[in-house]
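Have a look at the structure below before the remarks.
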Amino acid sequence: MNQDFVKSPPVQQLLDRASGMTVEGGDDRLKHILRDLVEASMNVIVKYDVSESEFWQAVKYLQEGVGEFGLIVPGIGLEHFMDLYMDAKDAEAGRSGGTPRTIEGPLYVEGAPIVEGDVNLSADADDTDTLYMSGAITGMDGEPVKGALLHVWHANSKGFYSHFDPTGEQTPFNNRRRIRIGDDGRYAFHSKMPNGYAVPPGGATEKLMHAVGRHGNRPAHVHFFVEAPGYRTLTTQINFGDDPFATDDFAFGTREGLLPVPNRQGDTAYIAFDFVLQKADEEDDEHFSARARTAA
Ligand SMILES: [Fe+2]
């Protein structure tokens, strides 16, 4: 079938009606987005001659996979694409430099304890090495950032996050803290060394990854938000540079400048890492994205 089929008058009229183009009311921008999205799906169906059975299998996949959308979205590269897109827009606006942003992932939990000083993130026992991490939070001119709040979250040695641990072994907010930073802009914490993890076995993300010949593994990593008055809120994470999946992260979280190699000595590992924040141009810069996040 010729691709022009989607351009035929009956299909175009269907698209107009389905997206609300032919009626008053509703959101005009959403109408256009919906129309383009449905038309793109139609083009894929025609291009690959998707059968009726395949079509309904795809619908079933989406229905069953809805609980894993937070993993599927980074797995297919869309979450990283958003970073690339925001970077490109920043560059166009002359806003570059500082610590790179990278994907948030689906496992942040709101309401972690707010702590100060040299912090221990791990409330639970975990038979693994101890990670020490420290550094400075500065602005682009090297000035210490005052009044920062550093959100940190990472997995345990089994690759599981508190609040999402299928073994049920972790206490709430284990390996999750919000660290109130002093006027010197320095932070320091220690915790039980995280390991990388794989997407849930047998789940929708794994099915898709395997179907396209990929794996669903992430290297060991630590997530951060950094927020401070007058600065752009930064969403980022470090991947451990010595992890086998360091540059083969299924979620595309690895970025240049975010890949420190832990200095491992016996049963301890040290990472020195500085955060460099851009100044906020507008109030919105200081906010988080409107993503739905787990609250506990
Ligand atoms: Fe993670």
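Any read-out appearing in this document is the output of simple, stated calculations on the displayed coordinates, not a laboratory observation. Quick caveat: nothing in here was measured; it's all calculated off a predicted structure. Glycine gets a Cβ as well: all are built from the backbone with ideal geometry, and neighbour counts include every protein chain shown.
So for segment 72-295, averaging the separation of alpha carbon pairs under 8 Å that are six or more residues apart and normalising by length, what relative contact order in percent results? List each step's numbers first, then the result.
Numbers: 489 pairs, mean separation 63.3, N = 224.
The normalised contact order for segment 72-295 reaches 28 percent.
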Choice from Arg101, Arg214, Arg176 showing the highest fluctuation, given a GNM over the chain with Cα pairs closer than 10 Å: Arg214
Angle in degrees between helix 52-65 and the longest Cα principal axis of the chain, rounded to the nearest 10: 30
Ile181, Ile33, Ile137 arranged by Cβ crowding within 10 Å, fewest neighbours leading: Ile33, Ile181, Ile137
Average silhouette area of segment 3-50, convex hull of alpha-carbon atoms, in square nanometres: 3.1
Highest-MSF residue in the chain out of Asp90, Asp243, Asp129 [GNM, Cα springs under 10 Å]: Asp90
Degrees, to the nearest 10: 28-47 long Cα axis against longest axis of the chain: 70
Segment 3-50: relative contact order in percent, alpha carbon pairs under 8 Å with at least 6 residues between: 43
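When DSSP beta bridges are limited to those with both residues in the chain, what percentage is antiparallel, rounded to the nearest 5? Walk me through the numbers on the way to the answer.
Details: 30 of 46 bridges.
Beta bridges within the chain, antiparallel portion: roughly 65 percent.
For segment 75-198, what is the relative contact order in percent, using Cα pairs closer than 8 Å and at least 6 residues apart in sequence?
Values: 201 pairs, mean separation 41.9, N = 124.
Computed value for segment 75-198: 34 percent relative contact order.
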For segment 65-132 and segment 10-28, distance of Cα centres in Å: 38
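What dipole magnitude, in Debye to the nearest 20, does the chain give about its Cα centre under +1 on Lys/Arg Cβ and -1 on Asp/Glu Cβ? Intermediate values should be presented prior to the final figure.
Working: 27 positive and 46 negative charges, 68 e Å.
I would put it at about 320 debye.
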Charge dipole (debye, nearest 20) of segment 112-211; +1 at Cβ of Lys and Arg, -1 at Cβ of Asp and Glu: 260
Packing-based ranking, highest mean first, of 11-18, 105-112 given that Cβ atoms within 10 Å are counted: 105-112, 11-18
Residue among Asn263, Asn174, Asn120 with the largest mean-square fluctuation in a Gaussian network model of the chain, springs linking Cα atoms under 10 Å: Asn263
Environment charge of Lys7, counting only residues whose C-beta is closer than 14 Å and scoring Lys/Arg +1, Asp/Glu -1: -2
Separation in nanometres of the label points that stand 7 Å from Cα toward Cβ, at Glu92 and Asp184: 4.3
Alpha carbon centroid spacing (whole Å) that separates segment 167-230 from segment 249-280: 12
Among Phe55, Leu34, Leu15 - extreme Cα towards positive end, dipole of segment 1-130, charges at beta-carbon: Leu15
Neighbourhood charge, 13 Å Cβ-Cβ cut-off, centred on Gly202 and excluding it, Lys, Arg +1 and Asp, Glu -1: -2
Distance in nm between pseudo-label sites at Met1 and Ile114 (7 Å out along the Cβ direction from Cα): 5.8
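Using the Cα centre of segment 249-296 as the reference point, and only Cβ charges (+1 on K/R, -1 on D/E), how large is the resulting charge dipole? Debye, rounded to the nearest 20.
Details: 5 positive and 10 negative charges, 78 e Å.
Dipole about the Cα centre, nearest 20: 380 debye.
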Prolate/oblate/rounded label for segment 29-158 (Cα gyration tensor, a/c 1.5): oblate
Positive-end residue, segment 199-296 charge dipole about Cα centroid, Cβ charges, pick of Gly203, Ser289, Ile238: Gly203
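Over segment 159-296, what lengths in whole Å, largest first, do the semi-axes of the equivalent ellipsoid take, defined as the square roots of 5 times the eigenvalues of the alpha-carbon gyration tensor? Write out the running numbers ahead of the final one.
Working: eigenvalues 147, 79, 59 Å².
Sorted largest first and rounded, they come to 27, 20, 17 Å.
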Per-q log10 I(q)/I(0), the chain, q = 0.11, 0.12, 0.16 Å⁻¹ (Debye; single scatterer per alpha-carbon; no solvent): -0.77, -0.88, -1.32
Lys/Arg +1, Asp/Glu -1 at C-beta; segment 44-183 dipole; positive extreme among Phe164, Ala91, Val109: Ala91
